[in-house]
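Taken together, the values in this text are just the output of simple stated rules run on the coordinates, not laboratory data. Because the structure is a prediction, the values reported are computed rather than measured. Because the Cβ atoms are built from the backbone with ideal geometry, glycine has one as well, and the counts that use them run over all protein chains shown.
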Amino acid sequence: MAAKQRLNVSLRSVSVRRGSAWALRDVSLELRAGERWALIGGNGAGKTQLLKLLAADVWPTPTGRESLTYRLAARTLDLTEVKPRIAYIGAELQDKYARYDWNHTVMELLATGLQRSDLLLRPVTKAERVRIASMLELCGLKHLEQRRFLSLSYGQKRLALLARGLVQRPDWLLLDEFYNGLDTYHRSRIDAILDHAYAVGQSWIASAHRAMDVPRGTDGLIELRSGRVHSVSRLSRRALERLAAAAAERSPPRRRRSFSARRRPARASGKLLIDIAAADLYVDYRLVLRDLHWQLRQGEHWAIFGANGAGKSSFLKLLYGDLSPALGGKIERVGFPRGTPVADWKRRVGYVAPELQTDYAVDVTVLELVASGRYSSIGLNDPATRADTRRARRWLEFFALRSFADRRPRELSYGQLRRALFARALSGHARILLLDEPLTGLDPRQRAVMKRLLARLMRRGFTLIIAVHHPEDLPNGMTHELRLLERRAVGRDLRDSVSNSETFVRGIG
């Protein structure tokens with residue numbers, strides 16, 4: 001049997017305009033079957049737009065000079081032939097399922113991959129079931145085949161989408177910041193799956209901000225700057241070391257001992273802000289956290305750790321007011337007695353989470369998005385006041401987004417939208433900030449800027465609670481940690497054992 005011919009892609013002077021700005025300018029690349037590329041560049045450099053262009057989800061803006069050609073050997077393919085040969089997977093795709101409430105079972109999700117559709121178009125055939133079962137086995141998802149996609153943990157969703165892409169047997173995998181937000185277990189699972197893909201000759205392009213997010217087996221490097229190709233080279237150890245240094249990546253050191261949050265309450269710091277006692281927390285009738293006892297006091301800053309599915313996001317939603325303890329448990333927000341509308345509390349709390357990027361599919365401008373933080377709403381019910389606009393523009397200026405004020409959120413890169421959500425959280429009257437993987441999707445320069453800002457906010461009296469996977473994403477000044485494991489919370493007052501916050505940032509893993 002003849003070997004399967006695989007896709008080659010050629011770009012010549014290709015540009016893409018989004019609104020009034022150029023997302024890509026005069027891009028020329030030769031991508032040959034069997035190659036595996038890392039795609040790097042800052043937020044807004046054009047990485048996602050290039051991947052969408054290659055996936056034929058975006059088409060070049062006509063300039064009279066552009067050429068985008070897909071070939072099998074000497075034969076040129078049209079778009080109907082190209083689409084089944086390329087699988088694009090990234091955070092935007094994962095968000096899309098939540099935005100449209102597409103809640104297939106995992107088995108049905110893979111079937112939509114075989115049917116080249118977002119929705120299941122017809123019953124799954126016996127042959128498709130065999131192929132799906134094989135892929136579920138390879139990806140370690142067999143036990144989840146009847147689970148609904150939206151009920152999965154963040155890491156399980158990412159694995160399921162990778163399985164959906166691979167079951168199509170594409171010539172090219174386009175992985176957009178694919179490792180973002182994943183714990184060690186899910187990273188290792190994806191590494192193993194991509195090792196198998198590498199062994200069978202799979203081609204890919206993987207965008208990344210961190211060296212640890214470049215898949216094993218990648219052999220080339222494409223760097224974009226301001227929508228243009230800055231360099232194309234072989235991927236070397238030196239290049240990975242530079243990327244790791246820019247991201248301030250560190251190897252996780254030995255963990256210190258912790259104490260039970262139930263057995264040993266944290267040392268009192270200042271005024272009590274939140275008091276949780278005997279709280280069981282359920283999400284979709286599934287127990288997430290059991291018998292939670294926890295207090296937050298003014299002057300404390302908590303780092304929240306846990307694997308995907310451990311309950312970090314649910315814990316933050318409990319604090320924010322989107323979830324409530326089961327009967328018998330209590331959460332007291334000091335100054336907001338029982339019966340106070342939760343909206344009043346939310347105006348005093350800033351919240352940043354990846355899922356907010358899903359919610360902001362509404363037709364608002366970036367300026368309106370930021371201004372809505374003053375009202376804890378998704379968009380504005382009434383036109384922005386002069387004060388709303390002035391404060392929103394101040395934070396847009398800080399995050400280098402002022403020129404994007406009139407764009408729609410979907411016209412921003414993933415990292416730019418994350419910065420806009422930070423601006424939204426700070427545009428209101430918040431004194432407590434709940435941050436769920438806040439630096440995910442930001443390039444090294446923006447991460448450094450954000451960490452300095454967060455440290456400054458802490459010095460100004462803001463209280464921060466930050467859920468992270470990477471210790472290097474924490475600012476200096478954290479005072480406590482809370483580790484979520486097997487539905488229990490284990491906490492530690494870092495001031496008892498750490499002389500300064502910088503040691504803390506280096507010392508947790």
Check your understanding: Working from the pairwise distances between different alpha carbons, so that the mean of 1/r is found and then inverted, what is region 1-155's Kirkwood radius in Å?
Key -> 18.0 Å
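Using square roots of five times the C-alpha gyration tensor eigenvalues, list the equivalent-ellipsoid semi-axes of region 1-83 in whole Å, biggest first. It would help to have the intermediate numbers written out before the result.
Numbers: eigenvalues 121, 45, 22 Å².
Over the Cα atoms of region 1-83, the ellipsoid semi-axes are 25, 15, 11 Å.
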Revision key, fill the gap. Quick note on TYR97, TYR88, ordering by fewest other C-beta atoms within 10 Å, gives TYR97, TYR88
Point to revise | Of LYS96/LYS157; LYS96/LYS346; LYS52/LYS96; LYS52/LYS451, those spanning more than 20 Å from alpha-carbon to alpha-carbon | key: LYS96/LYS346; LYS52/LYS451
Check your understanding: Can you tell me the Rg and Dmax of region 41-113, counting just the alpha carbons, in angstroms?
Key -> 15.5, 46
Study note, to complete from the structure: In the neighbourhood of ALA56 defined by beta carbon distances under 13 Å, the net charge of the other residues (Lys, Arg +1; Asp, Glu -1) is 0
Exercise for review: Among DSSP beta bridges lying fully in the chain, give the percent that are antiparallel, nearest 5.
Suggested key: 55 percent
Review point. Considering amide H positions built from the backbone, and no H for Pro or chain starts, which residues 5 or more places from LEU433, or on another chain, come under 5 Å of its amide H?
Key: GLY350, THR463, LEU464, ILE465
Exercise for review: Calculate, axis by axis, the spread of Cα positions in region 366-430 along the three principal axes, and write the results as whole Å, longest axis first.
Suggested key: 26, 21, 19
**Study point:** Per-residue HN-Hα couplings for region 228-245 [Karplus 6.51, -1.76, 1.60; θ = phi - 60°; Hz; x = Gly/Pro]
**Key:** 10, 6, 8, 7, 9, 8, 5, 7, 10, 4, 5, 5, 5, 5, 5, 5, 5, 5
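Given contacts defined as C-alpha pairs under 8 Å and at least six residues apart, what's the relative contact order of the chain, whole-number percent?
Details: 976 pairs, mean separation 82.5, N = 509.
Dividing the mean separation by the residue count of the chain yields 16 percent.
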**Study point:** Least to most buried among ARG237, ARG164, ARG18 (fewest other Cβ within 10 Å first)
**Key:** ARG237, ARG18, ARG164
**Study point:** Ellipsoid semi-axes in whole angstrom, largest first, where each is sqrt(5λ) of the Cα gyration tensor of the chain
**Key:** 39, 26, 23
**Study point:** Residue-by-residue Karplus 3J(HN,Hα) for region 291-296, coefficients 6.51, -1.76, 1.60, Hz, glycine and proline x
**Key:** 6, 7, 10, 7, 10, 10
Point to revise | Gyration tensor (alpha-carbon) shape descriptor, region 142-181, a/c threshold 1.5 | key: oblate
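Please arrange LEU53, LEU144, LEU79 by how many other C-beta atoms lie within 10 Å of their C-beta, fewest to most.
Details: LEU53 23, LEU144 20, LEU79 9.
Arranged by neighbour count, lowest to highest, LEU53, LEU144, LEU79 become LEU79, LEU144, LEU53.
Quick one: length gained pulling GLN146 to ARG17 fully straight, 0.36 nm per residue minus the C-alpha distance? Don't skip to the answer; put the middle values down first.
Details: separation 129, 0.36 × 129 = 46.44 nm, distance 4.17 nm.
Extending this stretch completely gives an extra 42.3 nm.
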Exercise for review: Decide, for region 438-496, between rounded, prolate and oblate: order the square roots of the alpha carbon gyration tensor eigenvalues as a ≥ b ≥ c, take rounded if a/c falls under 1.5, and otherwise choose prolate if a/b is larger than b/c, else oblate.
Suggested key: oblate
Review point. Which cross-chain or sequence-distant (5 or more) residues have an amide H under 5 Å from the amide H of TRP204, H modelled 1.01 Å from N in plane?
Key: ARG36, TRP37, LEU173
